[in-house]
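What follows is a single structure, written as structure tokens, with notes after it.
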Amino acid sequence: MAAKAVSGRTRIRGVGGCVPDRVVTNDDLAGLMETDDAWIQQRSGIQERRHIGESTGAADLGAVAAREALERAGVDAAEIDCVLFATLSPDYDMPASACVLQERLGVPGVPAFDVRNQCTGFLYGLTTADAFLQSGRYDKVLLVGGEIHSTGLDYTTRGRQVAVLFGDGAGAVVLDRSPDEGRGILSTHLHAEGKFADKLWLEGVAGRDARRLTPEMIADARIFPQMQGRYVFKHAVERSVEVIREAVESNGYAVSDIDLLVPHQANLRINQAVAMTLELPEEKVVNNIQKLGNTTAATIPLALREALDDGRLKEGHLVCLVAFGAGFTWASALLRW
Ligand code: UT7
């Protein structure tokens, strides 16, 4: 397919979201493992999260989020010419959840693929979509971030450090090129440092293991995500601050010019430390981890949707998106909304 000459920055034209109805409180988790509401709230800010009840895939939640994003964008599903799905918990190891979603939306034939980059998956996906749109390769891209964490965590005391943090959910955006000069994505910035891979990882089921899944892997809990929490926390704050500064400075702005920071939701304390370091007032930072936990690739679109719905995100705002996660990977995007 040949690229064509295009004009206009990439814009987010519509945002949608979907979380399961089932609310799981900290007290609910305290019935399954040795933990308590005070510990979880004090360390992470999380009060509750959503879990699926019945068997539901990331693409099921993603389809609901995508339909809402399409409706809000005033775009018909048939106009979408590329489907991207950011997830670390796809419906199947193969094929991609993007293909499952494409089928649900009834848009056969257009390219569809997953972006497997954990907490920064949405921003890696956004950058990919931006490159496609700016090269003229595609005209309307659907990007979904969706996760089902609740079927893959260790809900015993052994797994409590990780299990209490995560929730299920999906967020979606429809992207095209803006007719308004100056509006849309101003820049994106992606980073990775693979030497930290084992600081936050899910080791099994592993392609590199001769037998993929072994009784030992199950016994050792290597089929659940493992994290060196404090180590990750420290890096998350430092890298997020750096990549926000990179975003504003590369566009000739100062941090104080940011109207709204929409950060990944891994821990309320991380976002508070980032905001404090950058001297960003609380009202300029969107946090919804208290009610949803960490939905990984879905956190940023879900937070964007919330900020749009409650009026915090307004036309003309300078918006900075930022994320940090496994890899380590970290990323930011600066947009004129
Ligand atoms: O989205 C991907 C990126 N992820 C992150 O950025 C997460 C970064 N890390 C964190 O958010 C925090 O490190 C955690 C919230 C995971 C943990 O908070 P922490 O203040 O770093 O606690 P800790 O892991 O150092 O554990 C302190 C104590 C330990 O007990 P001892 O050894 O001091 O006796 C843990 O065993 O808290 C214990 N603990 C718990 N207690 C009650 C760990 N998890 C729990 C729990 N409930 N759920």
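The values are calculated or read from the model by the stated rules, or taken from the named source; none is laboratory data. In this text, all values refer to a predicted model and were calculated from it rather than measured experimentally. Methodologically, a virtual Cβ is constructed for each residue, glycine included, from the backbone with ideal geometry; neighbour enumeration extends over all protein chains shown. Protein only, heavy atoms only, side chains kept; ligands, DNA and RNA dropped before computing areas. Shrake-Rupley method; radii C 1.70, N 1.55, O 1.52, S 1.80 Å.
Quick notes on this one:
- Residue that is most open to solvent (accessible area, probe 1.4 Å) [pool: residues in segment 92-105 that are small (Gly, Ala, Ser) and out of contact with any helix residue (DSSP H, G or I) (no Cβ under 6 Å at 6 or more places or on another chain)]: Ala96
- Selection status of Leu302, farther than 23 Å from Ala192 by Cα, hydrophobic (A, V, I, L, M, F, W, C), assigned to a helix (DSSP H, G or I) and open to solvent by 20 Å² or more (accessible area, probe 1.4 Å): no
- Single residue of Gly171, Gly109, Gly136 found to be outside the structural domain of Gln226 (by TED's automatic domain parsing) and in contact with a strand residue (DSSP E or B) (Cβ under 8 Å, 6 or more places away or on another chain): Gly171
- Scanning segment 157-193 for residues that are over 18 Å from the mean Cα position of the chain (by Cα) and open to solvent by 60 Å² or more (accessible area, probe 1.4 Å) yields a count of 8.
- Only listed residue being open to solvent by less than 30 Å² (accessible area, probe 1.4 Å) and in contact with a Lys or Arg (Cβ under 7 Å, 6 or more places away or on another chain), chosen from Ala59, Ala66, Ala77, Ala3: Ala59
- The condition of being at pLDDT 95 or above and closer than 27 Å to Thr128 by Cα holds for only one of Arg13, Arg49, Arg43, Arg22, that being Arg13.
- None of Arg43, Arg72, Arg22, Arg13 is within 20 Å of Glu147 (Cα to Cα) and among the basic types (Lys, Arg) except Arg22.
Okay, residues lined up against (1) surrounded by fewer than 24 Cβ atoms within 10 Å (Cβ to Cβ); (2) free of Cβ contacts under 8 Å to residues at least 24 places away in the same chain; (3) outside any loop (DSSP other than H, G, I, E, B):
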residue	(1), (2), (3)
Glu238	yes, yes, yes
Val262	no, no, yes
Ala273	yes, no, yes
Ala297	no, no, yes
Phe324	no, no, yes
